[in-house]
1. Just the residues that are surrounded by 12 or more Cβ atoms within 10 Å (Cβ to Cβ) and within 17 Å of the chain's Cα centre (by Cα), please, taken from the range 68-81.
2. Go through the range 62-95 residue by residue and tally those that are farther than 17 Å from residue 37 by Cβ and aromatic (Phe, Trp, Tyr).
3. So, in the range 49-67, how many residues would count as being over 15 Å from residue 86 (Cα atoms), surrounded by 10 or more Cβ atoms within 10 Å (Cβ to Cβ) and touching a residue at least 12 places away in the same chain (Cβ under 8 Å)?
4. Show the residue pairs meeting these rules: Cβ distance below 8 Å; 6+ apart or different chains; first residue within the range 27-38 and closer than 14 Å to residue 77 by Cβ and acidic (Asp, Glu); second residue at pLDDT 90 or above and part of a loop (DSSP other than H, G, I, E, B).
5. With respect to the numbered conditions (1) within 20 Å of the chain's Cα centre (by Cα); (2) modelled with pLDDT under 95; (3) loosely packed, with under 10 Cβ neighbours inside 10 Å; (4) not small (Gly, Ala, Ser), which one is the sole condition not fulfilled by residue 29?
6. Within the range 37-95, work out how many residues are at negative phi and assigned to a loop (DSSP other than H, G, I, E, B).
Amino acid sequence: MHSKSFAVLAGLALAASTLTVAVPASAHTTGIHDNCTKFNKVYPHGVGLRGARDRVKGSTAPVTNFKRANTIYWAAEHHNGDLDRDNDRVACEKH
């Protein structure tokens, strides 16, 4: 009796170890977080944290009309950290 139970358990363990679940690569993405071009189609001036200010170089005027939404910013940042390359807490800022 024990040898049959052991054989069944061994067979189940082997089957479970070889079982794989196929997940499509696109299951992670909403599509808009892939790059700033796609992101700006939904948020034309970017998205930033509520207290964020656009960091600029030279005489360029900062973007001030970006959408201020913490949850949207952090979702984008966690999905693709390259959306806020200058780390000013404004993703994909654009005039």
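The values are calculated or read from the model by the stated rules, or taken from the named source; none is laboratory data. Note that this is a predicted model, so its numbers are computed, not measured. Because the Cβ atoms are built from the backbone with ideal geometry, glycine has one as well, and the counts that use them run over all protein chains shown.
1. Passing the criteria: 69, 70, 72, 73, 74, 75, 76, 77, 79, 80.
2. Final tally of qualifying residues: 2.
3. Of the residues in the range 49-67, 3 are over 15 Å from residue 86 (Cα atoms), surrounded by 10 or more Cβ atoms within 10 Å (Cβ to Cβ) and touching a residue at least 12 places away in the same chain (Cβ under 8 Å).
4. As it stands, the answer is 34/80, since those pairs meet every condition given.
5. (3)
6. 28
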